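Asker: Once you've had a glance at the structure underneath, I'll fire off some questions.
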Amino acid sequence: MQKYVIHGGHPLFGEIDVSGAKNAAVAIIPAALLVDGCCRIENIPQISDVTVVLEILQELGAEVRTINKNTFEIDCSHIRSCRVPDELSRRMRASYYLIGALLGRFGEAEVSMPGGCDLGVRPIDLHIKSFKTLGADVDVQGGFVYTRAPKGRLDGATIYMDQVSVGASINAILASVLADGLTVIENAAKEPHIVDVANFLNSMGANIMGAGTDVIKIHGVASLHGGTYSIIPDQIEAGTYMAAVAATGGCVTIRNIIPKHMDCITAKLEEMGIQIDEQGDSIIVTRTSDIQRTNIKTMPYPGFPTDMQPQMAACLCLANGGTSIINEGIWENRYRYVDEFKRMGAEIQVDGKVAVVEGVGHLTGAPLRACDLRAGAAMVIAGLAASGTTEISCIHYIERGYENLVGKLCGVGADIQIVNIAEDDVNQDAV
Ligand code: UD1
């Protein structure tokens, strides 16, 4: 077991390269199951969620070849099984994409109900409804989702999403790419990684139009062929480093981003008094004065992303006076970091989906426990800005989604280290 030890209070200066998008990678890797041939996928982030999904594909019979730490070749020509074991599936939320991909290619899938961060109730009813609309039989029993296309192939259909869901939109695409006829997804989510999954599949011969809008049309094709594809940069990883500079002060160039994807985060940071300059595929973040209070409401893209809400809360605690209101519009349980921030001197009141954050201007280091991926990232930001030492345990949550977080932060002058936890401390931690 390991923890992060942060000596806070150092402004950040220098350059950070953003890795490939986690949420695109965990969908595109399962999408390789749909391809008849070898896919070379570049810019895959080196994070534990990727390791798990690659392990699952290998377990099913895929050949996975490592070209370098961010490039893999995946060949799913000889899949042996459509059953994803419970112990692997539970380790990540995005294992639900294996259902759509296996069902779409082989006409059947048995996948244990997904795990992932505990952000409140995380149903997959919209995914199941989509598969049924495409003609699949779906049964949920003993913690497994069993699905079958009675004639071995699904039929295109119109799927109306009752709620905007990233996962269900992508799963409906995966299931319908090889279906007979036309599928129309109405009220689809518009996140950048949905476009990336569609671009990946189109580059392998699929016929998907409208990704990035709320109506996606998929003309089923007989098969997909191999090819090479590079994953988009991670909007949330970039946003996290932008928030880190806002919190600590300093000036950092964040490279390898798509500025358009950052608009919602850039606009909010500018409201908070942070200077943001775009230069091609880089963004320069500078804090020249105190952080100003603001309000945040999380919404589906192009609204403000829920996955940046905890990191922004860390910055708003550091505002010099003023009250900020955060309204969480997606998840029920996204304020579990609040009690940890209070240990650092934060003043935050939570009532349901609303958090009222008082700008206290300054935080002090404390021992913290990460409780999910983005909450953990927010604790790192708070620790970097705080005076004194912050120790963060349960860092496996953070390592699900950030490639080389410690190395990248040290590269811009942060004092953060990974330290092994002695067995006695682990036991104490577990109490
Ligand atoms: C994805 C992201 C996650 C992000 C979230 C919202 C991945 C791997 N994860 O999660 O980081 O926080 O989008 O941007 O890409 N819902 C239902 N029924 C369903 C599915 C969802 O009611 O079948 C609800 C959820 O409870 C939630 C809302 O829809 O309130 C949005 O969830 P969704 O967009 O599906 O999130 P994920 O795809 O799981």
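The values are calculated or read from the model by the stated rules, or taken from the named source; none is laboratory data. Note that the structure is a prediction, hence the values are computed from the model and not measured. Glycine also receives a Cβ, built like all others from the backbone with ideal geometry; neighbour counts cover every protein chain displayed. Surface areas here come from the heavy atoms of the whole protein model, side chains and all, with no ligands, DNA or RNA. Shrake-Rupley method; radii C 1.70, N 1.55, O 1.52, S 1.80 Å.
Asker: For segment 158-194, what are the residues that are open to solvent by 10 Å² or more (accessible area, probe 1.4 Å), hydroxyl-bearing (Ser, Thr, Tyr) and more than 9 Å from the ligand (Cβ to nearest atom)?
Answerer: Residues satisfying the conditions are Thr158, Tyr160.
Asker: Restricting attention to segment 336-348, which residues are part of a loop (DSSP other than H, G, I, E, B), open to solvent by less than 70 Å² (accessible area, probe 1.4 Å) and over 14 Å from Met308 (Cβ atoms)?
Answerer: Met344, Gly345, Ala346
Asker: The conditions are (1) buried (at least 17 other Cβ atoms within 10 Å of the Cβ); (2) of a type in the set (A, V, I, L, M); (3) over 30 Å from Glu278 (Cα atoms), and Val215 fails exactly one of them. Which is it?
Answerer: For Val215, the exception is condition (1).
Asker: Please go through (1) more than 9 Å from the ligand (Cβ to nearest atom); (2) at pLDDT 95 or above; (3) open to solvent by 10 Å² or more (accessible area, probe 1.4 Å); (4) not aliphatic (A, V, I, L, M) for Gly142 and return the number of the only condition it doesn't satisfy.
Answerer: Among (1) more than 9 Å from the ligand (Cβ to nearest atom); (2) at pLDDT 95 or above; (3) open to solvent by 10 Å² or more (accessible area, probe 1.4 Å); (4) not aliphatic (A, V, I, L, M), the lone unmet condition for Gly142 is (2).
Asker: With the structure loaded, tell me whether Leu102 is away from the ligand (no atom under 16 Å from the Cβ), in a helix (DSSP H, G or I) and assigned by TED's automatic domain parsing to the domain that holds Ser169 or whether it fails that test.
Answerer: Yes; evaluated as a whole, the condition is true for this residue.
Asker: Let me ask something else. Evaluate segment 271-279: report whether one residue or more is out of contact with any strand residue (DSSP E or B) (no Cβ under 6 Å at 6 or more places or on another chain), in contact (Cβ under 8 Å) with a residue 60 or more places away in the chain and open to solvent by less than 10 Å² (accessible area, probe 1.4 Å).
Answerer: no
Asker: Out of curiosity, is Ala382 in contact with a Cys (Cβ under 9 Å, 6 or more places away or on another chain) and either without any contact (Cβ under 8 Å) to a residue 24 or more places away in the chain or within 16 Å of the ligand (Cβ to nearest atom) (or both)?
Answerer: It is false that Ala382 is in contact with a Cys (Cβ under 9 Å, 6 or more places away or on another chain) and either without any contact (Cβ under 8 Å) to a residue 24 or more places away in the chain or within 16 Å of the ligand (Cβ to nearest atom) (or both).
Asker: When segment 9-24 is examined, which residues are found to be more than 16 Å from Leu405 (Cβ to Cβ) and within 14 Å of the chain's Cα centre (by Cα)?
Answerer: Asn23, Ala24
For (1) open to solvent by less than 50 Å² (accessible area, probe 1.4 Å); (2) at pLDDT below 95, each residue gets a yes or a no:
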residue: Ile16; (1), (2): yes, no
residue: Leu34; (1), (2): yes, no
residue: Ile44; (1), (2): yes, no
residue: Ile47; (1), (2): yes, no
residue: Thr66; (1), (2): no, no
residue: Phe72; (1), (2): yes, no
residue: Ser81; (1), (2): yes, yes
residue: Met92; (1), (2): yes, yes
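Asker: Just checking, how many residues over segment 13-67 are free of Cβ contacts under 8 Å to residues at least 12 places away in the same chain and assigned by TED's automatic domain parsing to the domain that holds Asp281?
Answerer: Matching residues across segment 13-67 total 0.
Asker: So which residues in segment 280-291 are part of a loop (DSSP other than H, G, I, E, B) and either open to solvent by less than 50 Å² (accessible area, probe 1.4 Å) or not assigned by TED's automatic domain parsing to the domain that holds His362 (or both)?
Answerer: Ile291
Asker: Quick check on Ala247: is it small (Gly, Ala, Ser), in a helix (DSSP H, G or I) and not assigned by TED's automatic domain parsing to the domain that holds Cys317?
Answerer: no
Yes/no matrix, rows are residues, columns are (1) among the aliphatic types (A, V, I, L, M); (2) surrounded by fewer than 24 Cβ atoms within 10 Å (Cβ to Cβ); (3) outside the structural domain of Gly411 (by TED's automatic domain parsing):
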position	(1), (2), (3)
Val350	yes, yes, no
Val356	yes, yes, no
Gly365	no, yes, no
Cys371	no, yes, no
Arg374	no, no, no
Ile381	yes, no, no
Leu384	yes, no, no
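Asker: Search segment 293-329 for residues being open to solvent by 60 Å² or more (accessible area, probe 1.4 Å) and either basic (Lys, Arg) or in contact with a helix residue (DSSP H, G or I) (Cβ under 7 Å, 6 or more places away or on another chain) (or both), and hand back the single one that is farthest from Asp351 (Cα to Cα).
Answerer: Going through the qualifying residues, I end up with Pro302.
Asker: Then there is this: Where residues in segment 401-424 are open to solvent by less than 40 Å² (accessible area, probe 1.4 Å) and free of Cβ contacts under 8 Å to residues at least 60 places away in the same chain, which of them is nearest to Arg93 (Cα to Cα)?
Answerer: Leu405
Asker: Now for a different question. From Ser81, Ser95, Ser77, grab the single residue that is over 18 Å from Thr228 (Cα atoms) and outside any helix (DSSP H, G or I).
Answerer: Result: Ser81 is the single residue among Ser81, Ser95, Ser77 that is over 18 Å from Thr228 (Cα atoms) and outside any helix (DSSP H, G or I).
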